[in-house]
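Beneath this line is the structure, given in structure tokens, with notes to follow.
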Amino acid sequence: MCYMGKVASNAINNGKFYIVNLITQEGQYVAIIPDFWFFDDSCYYPNTGGDIAASKRKQPERSWTHYKCSYRGEFGKNPSKKLGDVYQEQ
């Protein structure tokens, strides 16, 4: 389901951050995104400033790129914790 400007009904917004592989034509990139950016094995991600937008839990915008992605793990509600302390292997 596509959502632009509003969270889709099937998107989860429970305050967590997901660790995902963004699958691009150039290869895979690891990204940390808010839980509600991820849906149906894909997500929207800004072309610039993705880390800032993610940390502020911004709503997706029309200008963002749609990527196929795969889930790797998650953070709890405290993104200030170190990745190594909260990464959950799948």
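The values are calculated or read from the model by the stated rules, or taken from the named source; none is laboratory data. The structure presented is a predicted model; accordingly, all values stated were derived computationally and were not measured. Using ideal geometry, Cβ is built from the backbone for each residue, glycine included, and neighbour counts are taken over all protein chains shown.
Going by the structure shown, is Gly49 at positive phi and at pLDDT 90 or above? Against the criterion (at positive phi and at pLDDT 90 or above), Gly49 qualifies.
For (1) out of contact with any strand residue (DSSP E or B) (no Cβ under 7 Å at 6 or more places or on another chain); (2) at pLDDT 95 or above; (3) crowded, with 18+ Cβ neighbours inside 10 Å; (4) among the aromatic types (Phe, Trp, Tyr), each residue gets a yes or a no:
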position: Met4; (1), (2), (3), (4): yes, no, no, no
position: Ala8; (1), (2), (3), (4): no, no, no, no
position: Asp41; (1), (2), (3), (4): no, no, no, no
position: Glu74; (1), (2), (3), (4): no, no, yes, no
position: Pro79; (1), (2), (3), (4): no, no, no, no
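The number of residues in the stretch 43-77 being in a loop (DSSP other than H, G, I, E, B) and either within 10 Å of the chain's Cα centre (by Cα) or not small (Gly, Ala, Ser) (or both) comes to 12.
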